[in-house]
Amino acid sequence: MRFSPGLLLLLPLLSPLAHAELLDDVFDRGELRIAVVAENPPFSFKEGNKLTGLEVELGEQLAKEMDVRASFITTDATDLLPGVESGKYDVAMNYIAVTPELQDRFDFSEPYGESRGRMTGPSTLYAMPFQKGNPAFKSSLNNALQRLKSDDRFRQLFQKWFVDYPNRPAAQAQ
């Protein structure tokens with residue numbers, strides 16, 4: 001059988017690894033594009049003109065751990081997941097429950113939140129969805145999240161936004 005050099009040109013198109021890895025795009029831009037709904041206190045909301053909340057601070061710290069800057073894009077809930085699917089956003093943060101239906105469409109970070117059902121009901125895990133098929137991005141995101149959890153910064157964020165937040169003067173005015 002004779003080998004044709006033209007086949008070499010087609011090999012990258014046939015390879016499942018031929019698509020660009022999301023992590024490469026994030027590093028090329030130098031930013032992690034994070035979609036949030038800015039009407040969801042204490043997760044993400046505006047105080048005056050400033051975007052703030054648990055997920056905003058968590059996103060900033062994750063981006064810093066990944067050695068890029070965080071770029072927050074405020075959107076409404078109807079654009080959040082379609083925007084991630086289309087590549088408009090790298091991740092979405094809106095305390096998104098990991099469900100079997102969403103796992104068919106997205107890959108997820110490790111959970112960063114959990115709610116337990118009443119009494120013995122099932123618990124719900126919350127994580128960041130991103131486009132499927134990006135193992136290096138998933139690893140980088142999860143490693144950053146693990147570093148935040150291991151040195152207590154993660155617990156401090158939850159303390160600030162779930163225990164201390166209701167006592168803040170700005171929160172009482174809302």
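The values are calculated or read from the model by the stated rules, or taken from the named source; none is laboratory data. Since this is a predicted model, take the numbers as computed values, not measurements. Quick reminder, even Gly has a Cβ in these numbers, built from the backbone with ideal geometry, and neighbours come from all protein chains shown. Surface areas here come from the heavy atoms of the whole protein model, side chains and all, with no ligands, DNA or RNA. Shrake-Rupley method; radii C 1.70, N 1.55, O 1.52, S 1.80 Å.
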Check your understanding: Karplus couplings for the stretch 38-44 from phi (6.51 cos²θ - 1.76 cosθ + 1.60, θ = phi - 60°), rounded to Hz, Gly and Pro as x?
Key -> 8, 9, 9, x, x, 6, 7
Study note, to complete from the structure: Once all protein chains are kept in place, Asp152 shows an accessible area at probe 1.4 Å, nearest 10 Å², of 50
Practice item. Please work out the C-alpha center-to-center distance from the stretch 25-61 to the stretch 66-93 and express it in whole Å. Key: 9
Point to revise | Heavy atoms of Val68: accessible area, 1.4 Å probe, square angstrom to 10 | key: 20
Practice item. Could you work out how far apart the two model spin labels at Asp28 and Ser139 are, taking each label as a point 7 Å from the Cα in the direction of the beta carbon, and quote it in nm? Key: 2.0
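Which length gain, in nm to one decimal place, applies between Val163 and Arg147 when the Cα-Cα distance is subtracted from 0.36 nm times their residue separation?
On the way: separation 16, 0.36 × 16 = 5.76 nm, distance 2.23 nm.
Result: 3.5 nm gained on full extension.
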Revision key, fill the gap. Under 5 Å from the placed amide H of Ala70, counting only residues 5+ away or on other chains, we find Leu32
Review point. For Lys132, which lysines qualify as cross-link partners when the Cα separation must be under 25 Å and same-chain residues fewer than eight apart are set aside?
Key: Lys64, Lys88, Lys149
Review point. Quick one: Karplus J couplings for the stretch 65-71, per residue in order, coefficients 6.51, -1.76, 1.60, θ = phi - 60°, nearest Hz, x for Gly and Pro?
Key: 5, 8, 6, 9, 9, 8, 10
Check your understanding: So what does Thr74 come to for accessible area, using a 1.4 Å probe and Å² rounded to 10?
Key -> 70
Check your understanding: So which aspartates and glutamates can Lys50 reach, going by Cα to Cα under 18 Å and dropping same-chain residues fewer than 8 places off?
Key -> Glu39, Glu60, Asp76
Exercise for review: Within the set of other residues whose C-beta is less than 13 Å from the C-beta of Ala38, count the net charge using Lys and Arg as +1 and Asp and Glu as -1.
Suggested key: -3
